[in-house]
Amino acid sequence: MQPQMWRRYGDAVYTLMTLAIFGFETIALGALSLSFLLGTATGIASTPVEGILLAVVTSTASALALLGLYLLTYHFVSSMRDRRYGEQLDKWTEGWIGLALADPAAPADDHTTPGRLTRAARDAVLSLLEAVKGEEGDRLKEVLASHGVDRWFLRRARSGHLTARLDAIEGLGKARLPQTLDALLDLFRHPRPVVRRMAARAAAGTLAVMPPEPGPDGPHARFIAALRHADLQAGVVQESLLLLETRAGPILRELLADPDLSDSLRWVVLETSGRLGLADMAEQVAPSTTHPDPELRAAAFRALRRLGSVPEGAHAPLLDALEDEVDFVRVQAAHAAAFLAAEVALPALQPRLGDDSWWVRRAAAASMARLGDDGVAAVKRAADAHPDQAAREMAVQVLLEADELTPAAARLATGVA
């Protein structure tokens with residue numbers, strides 16, 4: 001609200017101040033210049049230096065007059081254009097809402113069927129499509145297609161001007177028109193990284209609202225094929241997969257099932273599976289816990305931790321990973337061990353309290369504390385009698401954070417007065 005009020009009232013104050021300042025200077029200098037031009041001030045410039053000074057004053061007055069006129073004209077024209085655009089935007093928004101809510105069986109009339117689509121019309125419907133879903137959104141998309149808006153965006157997306165191209169791709173991402181998916185997938189091979197990124201986002205958003213079509217030629221298969229061969233950064237791929245929303249599961253499963261999937265893309269899929277919390281993906285994630293790349297093993301254990309489930313097939317790899325030579329693999333395995341049975345996890349986690357890595361000690365103690373009464377009791381025993389001071393201090397810290405130990409008892413356990 002405050003920025004809008006500044007635009008409403010601040011511009012007026014700025015314009016008045018500009019008018020007053022430039023107007024005063026222009027009138028004063030203009031009067032002097034006019035007197036000089038009319039010859040009524042012939043005695044002013046009695047020397048060449050004074051003549052030069054007077055010429056400078058005259059040129060300054062002219063420049064100020066032109067600058068003041070430009071500023072006033074600019075503010076006036078901008079204000080009128082903004083007001084006109086706002087009115088058109090409101091008008092089109094009301095029209096689009098009426099069209100979306102109209103009875104599909106009712107005949108269209110001039111009030112519900114738009115004519116030529118202006119920029120305000122396109123902006124209004126794109127904003128609505130981000131909020132309107134279901135049948136209403138489908139009706140709006142049909143109207144857009146009937147007026148060639150999809151073709152208009154695609155032409156601009158293939159244009160040579162980068163700004164126009166990016167604006168068009170952003171518009172297609174908002175519109176989520178199914179008929180534009182293949183054109184967006186083609187842009188995955190564009191030489192400019194920013195175009196590839198925008199196209200990946202728009203394609204994922206479009207695919208998220210399309211009905212599933214199984215088969216090697218379906219939209220999911222085409223998206224996966226484009227993703228495999230695209231030169232996209234890991235963050236861009238993950239963002240695109242997250243934008244798939246409810247359509248992400250089948251695509252992630254198919255990607256993980258591919259034995260030839262690149263390590264970078266497999267890492268992204270594992271991370272995305274965990275972030276989306278797709279609990280039914282645990283079985284597909286489990287095979288990656290034995291991958292030779294430690295980054296992928298760690299990503300798999302991190303995903304299982306986020307999914308809150310460790311399949312039986314991943315039990316042995318997880319216990320082995322607690323002894324892994326790579327510390328970040330041990331960290332993620334220790335976190336995931338919280339979802340094993342206490343009688344299985346506790347014997348494997350207790351030695352990790354004395355690990356060389358602070359992060360491993362922290363993860364082991366936190367997982368033990370989550371394993372019910374037996375786990376809390378084991379952490380308390382470690383706080384009292386573990387031979388490693390670092391292990392005792394970590395156990396005390398975790399118990400204190402879990403409200404299983406009072407501050408006074410924590411200070412006593414650590415020997416702090």
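Here Thr180 meets each of (1) over 30 Å from Glu312 (Cβ atoms); (2) open to solvent by 80 Å² or more (accessible area, probe 1.4 Å) with one exception, condition (2).
Restricting Thr93, Thr73 to those that are within 30 Å of Glu142 (Cβ to Cβ), of a type in the set (Val, Ile, Thr), in a helix (DSSP H, G or I) and modelled with pLDDT of 70 or more reduces the list to Thr93. Exactly one residue among Asp384, Asp403, Asp324 is open to solvent by 60 Å² or more (accessible area, probe 1.4 Å) and part of a loop (DSSP other than H, G, I, E, B), and that residue is Asp403. Within segment 352-363, is there a residue that is over 22 Å from Ala321 (Cα atoms) and either open to solvent by 30 Å² or more (accessible area, probe 1.4 Å) or assigned to a loop (DSSP other than H, G, I, E, B) (or both)? The answer is no; no qualifying residue exists.
Looking across segment 261-284, the residues that are over 17 Å from Leu227 (Cα atoms) and either open to solvent by less than 10 Å² (accessible area, probe 1.4 Å) or part of a helix (DSSP H, G or I) (or both) come down to Gly274, Arg275, Leu276, Ala279, Asp280, Met281, Ala282, Glu283, Gln284. In segment 364-375, of all residues being crowded, with 18+ Cβ neighbours inside 10 Å and part of a helix (DSSP H, G or I), the one that is farthest from the chain's Cα centre (by Cα) corresponds to Gly375. Being within 27 Å of Ala299 (Cα to Cα) and either of a type outside the set (Val, Ile, Thr) or in contact with a Pro (Cβ under 6 Å, 6 or more places away or on another chain) (or both) is a property that holds for Ser240.
Show me the helices (runs of 4 or more DSSP H) found entirely inside segment 157-260 where at least 2 residues are touching an Asp or Glu at 6+ places or on another chain (Cβ under 8 Å).
On the way: elements: 162-175, 181-186, 193-208, 219-229, 234-243, 248-256.
Ranges flagged: 162-175, 193-208, 219-229.
Looking at segment 125-146, which of the residues that are open to solvent by 50 Å² or more (accessible area, probe 1.4 Å) and in contact with a Pro (Cβ under 8 Å, 6 or more places away or on another chain) is modelled with the highest pLDDT?
Quick first cut of segment 125-146, residues open to solvent by 50 Å² or more (accessible area, probe 1.4 Å) only: 127, 130-131, 133, 135-136, 138-139, 142, 146.
Those left that are additionally in contact with a Pro (Cβ under 8 Å, 6 or more places away or on another chain): 135, 139.
Details: Glu135: 72, Arg139: 75.
The residue in question is Arg139.
Looking at this structure, is Arg266 at pLDDT 90 or above and either over 30 Å from Gly134 (Cα atoms) or of a type in the set (Val, Ile, Thr) (or both)?
Working: at pLDDT 90 or above: yes; either over 30 Å from Gly134 (Cα atoms) or of a type in the set (Val, Ile, Thr) (or both): yes.
It is true that Arg266 is at pLDDT 90 or above and either over 30 Å from Gly134 (Cα atoms) or of a type in the set (Val, Ile, Thr) (or both).
Evaluating His335 against the criteria (1) part of a helix (DSSP H, G or I); (2) within 33 Å of the chain's Cα centre (by Cα); (3) under 16 Å from Ala279 (Cα atoms) leaves one unmet condition, (3).
Looking only at segment 193-208, count how many residues are surrounded by fewer than 19 Cβ atoms within 10 Å (Cβ to Cβ) and of a type in the set (A, V, I, L, M, F, W, C). Summing the residues that are surrounded by fewer than 19 Cβ atoms within 10 Å (Cβ to Cβ) and of a type in the set (A, V, I, L, M, F, W, C) in segment 193-208 gives 3.
The values are calculated or read from the model by the stated rules, or taken from the named source; none is laboratory data. These figures come from a predicted structure and were not determined experimentally. All Cβ positions, glycine included, derive from the backbone under ideal geometry; neighbour counts span all protein chains shown. Surface areas here come from the heavy atoms of the whole protein model, side chains and all, with no ligands, DNA or RNA. Shrake-Rupley method; radii C 1.70, N 1.55, O 1.52, S 1.80 Å.
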